[in-house]
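Written below as structure tokens is the structure these notes are about.
The values are calculated or read from the model by the stated rules, or taken from the named source; none is laboratory data. Every value quoted in this text rests on a predicted model; they were computed, and no experiment measured them. Cβ atoms come from the backbone with ideal geometry, glycine included; neighbour counts cover every protein chain shown.
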Amino acid sequence: MTDSTTMYENLRSQFTAKFNKEPEYFVRAPGRVNLIGEHIDYCGYSVLPMAIEQDVVFTVTNNATSKILLTNTNSQYKDFECDINNLNIPKDDPQWYNYALCGIKGILEHIKKDNSTGFTCLVDGTIPPSAGLSSSSALVCCAALTTMYANKASLTKKDLADICAHCEHYIGTEGGGMDQAISFMAKQGTAKLIEFNPLRSTDVEIPCEAVFVISNSCVQANKAATSSFNIRVVECRLATQIMAKSKGLEWREVKKLADLQLKLKLSLEQMLDLVQQTFHKEPYTKTEICELLGVTNEELATTSLSQNTLDVEVFKLYDRASHVYSEANRVLQFKMLCDGLLQDKTISKLGELMNTSHNSCRDLYECSHPELDNLVEICRKSGAVGSRLTGAGWGGCAVSMVKAGDAVSFLAKVRDQYYKPHEDRAQKILTSLFASEPGPGAAIYTL
Ligand code: ADP
Ligand code: NG1
Ligand code: MG
């Protein structure tokens, strides 16, 4: 905490001024940048993120009662109060405090303790919100860790990551657990391969001549406020189930593209062939999907859809499944290159994989945004070896891999082309364009 001592002292003073008592502890959880492996965690495939320095910090004192009191250093986020034994999280109202309630609820359901202890908490965050750097999960993870500590429970990082991956579903987004896993399991100085089912993490040593630069398109995309994210989850589920049925499997039981691959014992390349054999490129109507699966509209709602996708009429299966299987392969290639298992030109090969990943997100997964594509192009022309959107997309950040010696000129070129010409972007440049190193995971600091 040495570098950030002033920041923590400042939070302590703000807490004392607001609540007229001393805080007992701090809890922090970092955001993350995903280097490669986009929109595949919820399909069961491995991803390759690293934690960033930006984080969410709770300054806390436990209450003698079950009351929870949340206040935020940013006045845009209004104070919130409730009883820890009576949590209500609507799926169609992504208020900031509901993310905290997700983390609290997840832990309470796991530890099953009667008479839970509430807490008073000042929340502070430095992760640009709705920018694909996982501010939402940092908030969820911080709240979960606080609830664990306040209630004298003891959970491993892996337990916490597993619980939090699921509990962000309470707010409606059906994410796959990458963000929460890296927030807890991150280690300073290393990116991580995160694998699922069972959850595990492996250090990935990035070549030392590579620097990662994050640039925010300044287009915000709030994932819980629209159905775009969950539509992608459902499209992948439908693609899984239709391929499973075509192969004579009990399709209702298979929900993830990775589970289907395991059941069929095929390679990723063979899964791509199966996608091509099974699907036409044109979008599928709901009627066509019901016919293929042999179910009614009502049955489809329970076998495959989620609350905010019930009214969706058109699904793209060929493109979405093609993205997932090819992206899963790119993650494996990226890891092997970093491990030195694939020879020659490591950096430029890593860059190529990042570029192909972005193009696939843009064209097949349609989760980019014109401004984000423009930013990625600028990054590539400014000397990045590779550049791609990071996180869910539809706006938010790009991550670029740059050779260390090129970093200064890269930053200057991107600043001049993307930020300087627009006053609103220029004002936010310090928090929008920065190099990032792998940071540590979530922690509790007692006072
Ligand atoms: P991402 O996870 O990519 O940053 P999301 O759309 O998933 O974006 O989550 C963004 C939401 O998280 C914000 O709208 C806000 O409700 C919440 N949030 C993020 N940072 C903070 C913060 N510092 N304080 C309170 N709420 C925050
Ligand atoms: P962001 O951009 O942080 O909301 C989301 C999901 C991840 C993953 C990525 C896309 C949540 C909490 N996060 O991240 O699980 O699917 O998109 O790779 O749902
Ligand atoms: Mg999020």
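Residue 390 falls short on exactly one of the conditions (1) surrounded by fewer than 21 Cβ atoms within 10 Å (Cβ to Cβ); (2) within 16 Å of ligand 1 (Cβ to nearest atom); (3) among the polar types (S, T, N, Q), and that condition is (1). For the stretch 356-383, a residue qualifies if it is assigned to a loop (DSSP other than H, G, I, E, B) and not aromatic (Phe, Trp, Tyr), and the qualifying residues are 364, 366, 367, 368, 369, 382, 383. With respect to the conditions (1) more than 24 Å from residue 414 (Cα to Cα); (2) of a type in the set (A, V, I, L, M, F, W, C); (3) modelled with pLDDT of 95 or more; (4) in a loop (DSSP other than H, G, I, E, B), residue 342 lacks only one, and its number is (3). Within 30 Å of residue 437 (Cβ to Cβ) and in contact with a Lys or Arg (Cβ under 6 Å, 6 or more places away or on another chain), is that true of residue 173? When the stated conditions are applied, residue 173 passes them. Reported count of residues in the stretch 137-161, each being under 20 Å from residue 112 (Cβ atoms), in a helix (DSSP H, G or I) and over 14 Å from the mean Cα position of the chain (by Cα), is 11.
If I filter the stretch 384-393 for residues that are hydrophobic (A, V, I, L, M, F, W, C), in contact with a His (Cβ under 7 Å, 6 or more places away or on another chain), within 23 Å of residue 134 (Cα to Cα) and part of a strand (DSSP E or B), do I get at least one hit? So far as the stretch 384-393 goes, yes, one or more of its residues are hydrophobic (A, V, I, L, M, F, W, C), in contact with a His (Cβ under 7 Å, 6 or more places away or on another chain), within 23 Å of residue 134 (Cα to Cα) and part of a strand (DSSP E or B). Restricting attention to the stretch 137-173, the residues that are more than 25 Å from residue 202 (Cβ to Cβ), within 15 Å of ligand 2 (Cβ to nearest atom) and not hydrophobic (A, V, I, L, M, F, W, C) total 4. Restricting the stretch 216-229 to residues that are in contact with a Lys or Arg (Cβ under 9 Å, 6 or more places away or on another chain) and assigned to a helix (DSSP H, G or I) leaves a set whose member that is nearest to ligand 2 (Cβ to nearest atom) is 229.
Across the stretch 241-260, the qualifying residues are those that are part of a helix (DSSP H, G or I) and free of Cβ contacts under 8 Å to residues at least 24 places away in the same chain, and the one among them that is surrounded by the fewest Cβ atoms within 10 Å (Cβ to Cβ) is 253. Would you check if there is a residue in the stretch 113-126 being within 16 Å of ligand 3 (Cβ to nearest atom), among the hydroxyl-bearing types (Ser, Thr, Tyr), more than 20 Å from residue 175 (Cβ to Cβ) and surrounded by 15 or more Cβ atoms within 10 Å (Cβ to Cβ)? The answer is yes; a qualifying residue exists. Of the conditions (1) touching a helix residue (DSSP H, G or I) at 6+ places or on another chain (Cβ under 9 Å); (2) assigned to a loop (DSSP other than H, G, I, E, B), residue 115 satisfies every one except a single condition; which number is it? Result: residue 115 fails condition (1) only. What is the residue count in the stretch 123-136 for residues that are part of a loop (DSSP other than H, G, I, E, B) and either more than 23 Å from residue 216 (Cα to Cα) or within 13 Å of ligand 2 (Cβ to nearest atom) (or both)? Of the residues in that region, 8 qualify. A single member of 342, 317, 375 is of a type in the set (A, V, I, L, M) and surrounded by fewer than 18 Cβ atoms within 10 Å (Cβ to Cβ), and it is 342.
Within the stretch 158-175, restricting attention to residues that are of a type in the set (Asp, Glu) and at pLDDT below 95, the residue that is nearest to residue 230 (Cα to Cα) is 174.
Residue 234 meets all of the listed conditions (1) within 20 Å of residue 309 (Cα to Cα); (2) away from ligand 2 (no atom under 16 Å from the Cβ); (3) not hydroxyl-bearing (Ser, Thr, Tyr) but one, namely (2).
Scanning the stretch 86-107 for residues that are farther than 13 Å from residue 145 by Cα, more than 16 Å from ligand 2 (Cβ to nearest atom) and part of a helix (DSSP H, G or I) gives a single hit, 97. Of all the residues in the stretch 416-438, those that are crowded, with 19+ Cβ neighbours inside 10 Å and assigned to a loop (DSSP other than H, G, I, E, B) number 1. Only one of the numbered conditions (1) within 16 Å of ligand 1 (Cβ to nearest atom); (2) of a type outside the set (Asp, Glu); (3) surrounded by fewer than 18 Cβ atoms within 10 Å (Cβ to Cβ) is violated by residue 152, and that is (1).
Looking across the stretch 24-36, the residues that are more than 21 Å from residue 160 (Cα to Cα) and crowded, with 24+ Cβ neighbours inside 10 Å come down to 35, 36.
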